[in-house]
Amino acid sequence: MCGIIGIKSSDNDVIKKTLNCLHHLEYRGYDSSGIAYLDHDKIKIIKKKGRISDLEEKIDFSCETNLAIAHTRWATNGKANDTNAHPHHMGQVTLVHNGIIENAAILKKELEKKNYHFKSDTDTEVIAALLDDMVNQTHDKMEALKELKTKLVGSYALGILFDNDDALYAVKKDSPLILGLDTNSYFIASDVPAILDYTNKYIVLEDNDIVKIDTTYHIYPEQASRKIHHFTSSYSLDDKDGFAHYMLKEINEQPGIIYHLLSKYLKNDLIDLPDLTIYQQIDIVGCGSAYHTALVAKTLFEEYSDTKVSAYVASEYRYQKNFYSSNSIVIFISQSGETADTLACVRQVKEKGIPSLAIVNTISSSIARECDNVIYLEAGPEIAVATTKAYTAQITILSLLALKISYQKGLITNLDSIKKDIRHIKEVLIHLINDINYIKIAKKIYQRRDIFFIGRLIDYAIALEGSLKLKEISYIHSETYPAGELKHGTISLIEDGSPVISVITYDKIIDKTISNIEEVKARGAYNIVLTNQNITSKAFDYVIQIPKVNAFLNPIITIIPLQLLAYYVARLNGCDIDKPRNLAKSVTVE
Ligand code: F6R
């Protein structure tokens with residue numbers, strides 16, 4: 001969480017550039033922000049609770065400077081207010097921080113004994129004091145920066161300014177940081193999209209790197225081996241393409257992305273995807289929506305590819321006892337490629353020598369780099385905090401992997417029928433996205449306090465994602481149950497008009513789910529049924545009919561109405577759809 005940016009330039013327009021870059025990082029946290037810049041040899045700090053636009057109101061854009069650092073925050077230590085906002089200053093040190101320092105309380109006590117007085121509740125102010133103290137002792141900034149890693153426990157990417165020094169410094173451990181290279185300017189940033197308005201050339205910094213930028217850049221202890229990357233994607237970052245929200249834009253990008261992935265891999269009969277038949281144990285690990293894709297994959301692999309798969313939430317997987325054999329593989333799913341819990345699992349698995357495969361969107365992200373093998377989602381940067389296009393791209397890759405196993409095992413004798421299906425998939429998706437009936441249903445349910453989702457097996461896995469989308473952007477309480485499970489307690493919450501959204505696409509157990517729908521109807525529920533089956537019941541209040549497609553492609557189709565329903569419910573409630581409260585796009589703390 002949190003985004004950091006720093007610029008050292010030979011031009012004097014750095015305030016404007018820094019804030020522009022900061023806007024691109026706002027998805028990482030948006031409860032407060034701040035900037036520090038060199039103003040006539042003195043460091044000036046301006047910070048503000050709220051959005052970056054609130055900060056900008058306090059800034060004198062006419063001030064000329066060639067050096068600045070800035071931060072957009074997702075509060076971890078201490079609530080969101082002006083004081084806790086970054087940058088933090090202590091003695092000769094001013095810095096911005098992304099990450100979390102686990103031993104901050106102990107360090108703070110030691111530093112208080114040395115007469116450091118703290119104004120904020122943050123761990124970041126502790127780093128500033130610690131570094132100031134270390135520079136005072138060593139009289140050598142680089143020495144102090146090298147020593148910092150021996151004192152700090154936790155994760156950090158730091159952008160640092162020192163009084164009376166016009167260089168920009170940075171260090172990192174377990175939090176992402178890149179170094180951007182332009183002809184007149186050097187950048188440090190939490191991710192690549194932040195700097196793309198100015199340059200597409202960058203170096204991915206590694207743990208324990210120390211960067212000093214004066215008239216050029218220096219990376220210690222090792223610079224020679226660092227590869228300069230060129231970002232080549234043509235996706236626009238800033239442009240909503242006329243859509244009211246990034247979420248809606250990204251929902252509309254899905255037909256193109258899914259079609260591209262399906263055609264790319266099916267063209268060569270899936271030869272470009274890894275062979276998973278050599279593994280007897282497949283664990284799939286992710287957080288949030290990425291975990292939901294793992295659950296969808298589990299049912300696809302098991303039902304249609306006769307392959308056992310276990311799906312795990314990363315924050316549990318990293319602490320539970322895991323059993324591996326000589327033919328285990330762990331697949332990691334992540335849009336950002338930086339999610340702290342998922343990354344920790346990658347490192348554990350690597351340490352045990354277990355093969356790993358990343359399914360990731362962000363190019364060169366930590367998870368992509370650290371796994372043995374990576375399949376990129378090629379979905380382009382996802383800006384809306386609630387994932388849509390990355391989720392369906394993940395499902396697409398996982399479906400193709402399941403399909404490949406099925407094909408290799410001879411459960412499917414040829415790929416012709418699915419190849420034929422994908423020609424229509426784009427049209428089907430576009431048609432579903434353009435259906436205006438979601439607005440009608442949204443109007444029926446947007447004022448409710450609780451909304452329930454039910455489904456069985458794969459439909460349950462899809463429903464979980466529908467419910468998450470709804471609750472995270474509309475703030476309406478929502479729960480999902482395997483359809484047969486609701487009556488074991490939660491049915492007591494059903495009252496007159498309670499919306500229950502049932503997903504029925506798995507054709508082997510339709511009747512059982514219809515019975516469950518009838519049970520909730522008897523208790524007053526308003527039943528919305530999302531189905532690709534030809535079914536009716538007096539208990540159904542509204543049916544969202546979707547087309548029947550190949551089972552491997554079905555989850556991609558089925559989630560679309562649920563994404564849009566969540567979107568319109570949030571819109572009717574006047575919610576901040578792209579930046580829901582309390583959330584951030586990239587969860588880089590545990
Ligand atoms: C929900 C959502 C989150 C993410 C989760 C994992 O809309 O976006 O649940 O799926 O935080 O993030 P990544 O995929 O970046 O690892």
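The values are calculated or read from the model by the stated rules, or taken from the named source; none is laboratory data. Keep in mind it's a predicted model, so treat the numbers as computed, not measured. In this analysis, Cβ positions are derived from the backbone assuming ideal geometry, glycine residues included, and neighbour counts consider all displayed protein chains.
Residues are listed down the side, and each one gets a yes or a no for (1) surrounded by 15 or more Cβ atoms within 10 Å (Cβ to Cβ); (2) at pLDDT 95 or above:
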position	(1), (2)
55	yes, yes
60	no, no
65	yes, yes
71	yes, yes
96	yes, yes
103	no, yes
108	yes, yes
141	yes, yes
Top-ranked residue in segment 293-330 [being of a type outside the set (Ser, Thr, Tyr), within 13 Å of the ligand (Cβ to nearest atom) and farther than 22 Å from residue 503 by Cα; ranked as surrounded by the fewest Cβ atoms within 10 Å (Cβ to Cβ)]: 313
Close pairs (6 angstrom Cβ cut-off, 6 or more residues apart or separate chains): more than 23 Å from residue 431 (Cβ to Cβ) in segment 536-549, buried (at least 17 other Cβ atoms within 10 Å of the Cβ) anywhere: 537/514; 539/517; 539/521; 539/527; 541/526; 541/527
Helices (runs of 4 or more DSSP H) wholly inside segment 414-504 containing at least 3 residues that are β-branched (Val, Ile, Thr) and more than 16 Å from the ligand (Cβ to nearest atom): 416-433, 437-445
Single condition residue 335 does not satisfy, out of (1) touching a strand residue (DSSP E or B) at 6+ places or on another chain (Cβ under 6 Å); (2) near the ligand (Cβ under 9 Å from one of its atoms); (3) closer than 27 Å to residue 200 by Cβ; (4) of a type outside the set (Asp, Glu): (1)
Entirely in segment 131-215, the strands (runs of 3 or more DSSP E) that have 3 or more residues that are free of Cβ contacts under 8 Å to residues at least 40 places away in the same chain and assigned by TED's automatic domain parsing to the domain that holds residue 105: 201-204
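Hey, can you tell me all the residues within segment 189-236 that are charged (D, E, K, R) and within 22 Å of the chain's Cα centre (by Cα)?
191, 197, 206, 207
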Verdict on residue 458 being over 16 Å from residue 562 (Cβ atoms) and touching a residue at least 24 places away in the same chain (Cβ under 8 Å): no
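Filter segment 188-203 for residues that are crowded, with 21+ Cβ neighbours inside 10 Å and among the β-branched types (Val, Ile, Thr); which is farthest from residue 12 (Cα to Cα)?
Let us first name the residues in segment 188-203 that are crowded, with 21+ Cβ neighbours inside 10 Å, namely 188-196, 202.
So of that shortlist, the ones also among the β-branched types (Val, Ile, Thr) come out as 188, 192, 195.
On the way: 188: 17, 192: 22, 195: 17 Å.
Checking each candidate, the answer is 192.
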Residues satisfying the stated conditions in segment 528-561, i.e. surrounded by fewer than 22 Cβ atoms within 10 Å (Cβ to Cβ), touching a Phe, Trp or Tyr at 6+ places or on another chain (Cβ under 6 Å) and part of a strand (DSSP E or B): none
Count of residues meeting criterion [hydroxyl-bearing (Ser, Thr, Tyr) and within 11 Å of the ligand (Cβ to nearest atom)] in segment 353-393: 6
Number of positions in segment 338-352 that are polar (S, T, N, Q) and either part of a strand (DSSP E or B) or within 14 Å of the ligand (Cβ to nearest atom) (or both): 2
Residue 487 over 26 Å from the mean Cα position of the chain (by Cα) and surrounded by 15 or more Cβ atoms within 10 Å (Cβ to Cβ): yes
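Before we move on, is residue 397 within 12 Å of the ligand (Cβ to nearest atom) and either on the phi > 0 side of the Ramachandran plot or touching a Leu at 6+ places or on another chain (Cβ under 9 Å) (or both)? Quick ask: steps written out before the conclusion?
Working: within 12 Å of the ligand (Cβ to nearest atom): no; either on the phi > 0 side of the Ramachandran plot or touching a Leu at 6+ places or on another chain (Cβ under 9 Å) (or both): yes.
So residue 397 does not fit the description; no.
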Residues (more than 13 Å from the ligand (Cβ to nearest atom), at positive phi and surrounded by 17 or more Cβ atoms within 10 Å (Cβ to Cβ)) located in segment 269-292: 270
